[in-house]
Amino acid sequence: MQAEEQITKIDTPRAIAKILTRHFQSRGKFTLLTLSGDVRGETAIVANDPDARYLLVDTLPKSIARTIETARCIQVRGAIGSLYTWFECDDLQVIEEGLDRYYEIPYPAELFQLQRRNAFRVGLPTRTPASMRGRASNPNLDTDIAFFGRIDNISATGIGIILNQSLAALMPVGTIIFEGHIVIEDHLNIILDAEVRNNRPINDHESVIGMEFSVVSPSDALTIARAVLDVQRAIRMDEDNLL
């Protein structure tokens, strides 16, 4: 079963207002990133004005804020379920209210949406070299957690990795994963952000951490979907050779 991909361009003001208002009403978050994708950060939507046609979001951490604020153009990405939205912004405004800082993002002239369906998940046998490393941001901790784990399963929309339970305990549901470097030998080498969706023990010492990928570009989405199918074919060929 192949993951279906449908990209739609929306350029009517009324439709754009409805889409962005829906993101606000769903208590959504946006990822702001440079066009190269080298610098990115997730931020919450705090206000929306369809009449004035702008959104207000929280500022990013100081370590990346300046790069985003001074970029000539950035990309804004958001998701509701399996429906992904993105657009470019070349007029990001910094709003200061006392000690608080926000970003004002004007509604774009056009935006794009990607609908992802039928995500096929494949389990990876232990003989397949496959790993993920990255940084985990637990809102209850002051510092990020570095992790490295073996990939248990992967789909076009998410991944499961095996960690020892002492480390898994520091990554509860809702933990944000930054710069997750996913490597499946001969099939996939990609860096993505994600969010922990489940955390389940598989034995006395290990747990599988289930993650959902954050908003990804259309090209990355297709790369992952194709890699999942390639891995499935490779596993079947290995099984046939063992017969």
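Only the coordinates and a few stated rules stand behind these numbers; no lab work does. All of these numbers come straight from a predicted model, not from anything done at the bench. Cβ coordinates were reconstructed from backbone atoms using ideal geometry, including for glycine residues, and neighbour counts include every protein chain displayed.
Per-structure values
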quantity	calculated
FRET efficiency, Ala47 to Glu110 (Cβ-Cβ, R0 25 Å, nearest 0.05)	0.65
Cα centre as origin, Lys/Arg/Asp/Glu Cβ charges: the chain dipole, Debye	440
Global size of the chain as Cα Rg and Dmax, reported in angstrom	19.3, 71
Helix axis angle, 13-25 relative to the chain longest principal axis, alpha carbon, degrees	60
Fewest-first ranking of Leu83, Leu92, Leu163, using other Cβ atoms within 10 Å as the exposure measure	Leu83, Leu92, Leu163
Dipole axis of the chain (+1 Lys, Arg; -1 Asp, Glu on Cβ), positive-most option in Gln232, Val215, Cys73	Gln232
Estimated distance in nm for a label pair at Ile80 and Ala17, the labels positioned 7 Å out from Cα along Cα-to-Cβ	1.6
Euclidean distance of C-alpha centroids, region 72-110 and region 33-65, integer Å	4
Net length gained if the chain between Leu170 and Arg226 were fully extended (0.36 nm per residue, minus Cα distance)	17.0 nm
Note, ³J(HN,Hα) from phi for region 64-79, Karplus 6.51, -1.76, 1.60, rounded to Hz, x at Gly and Pro	10, 4, 4, 4, 5, 5, 9, 5, 5, 7, 10, 10, 10, 10, x, 8
Gain on full stretching of the segment that runs from Ile202 to Glu69 - 0.36 nm per residue minus C-alpha separation	43.5 nm
Environment charge at Arg135 (Cβ cut-off 15 Å; Lys +1, Arg +1, Asp -1, Glu -1)	-4
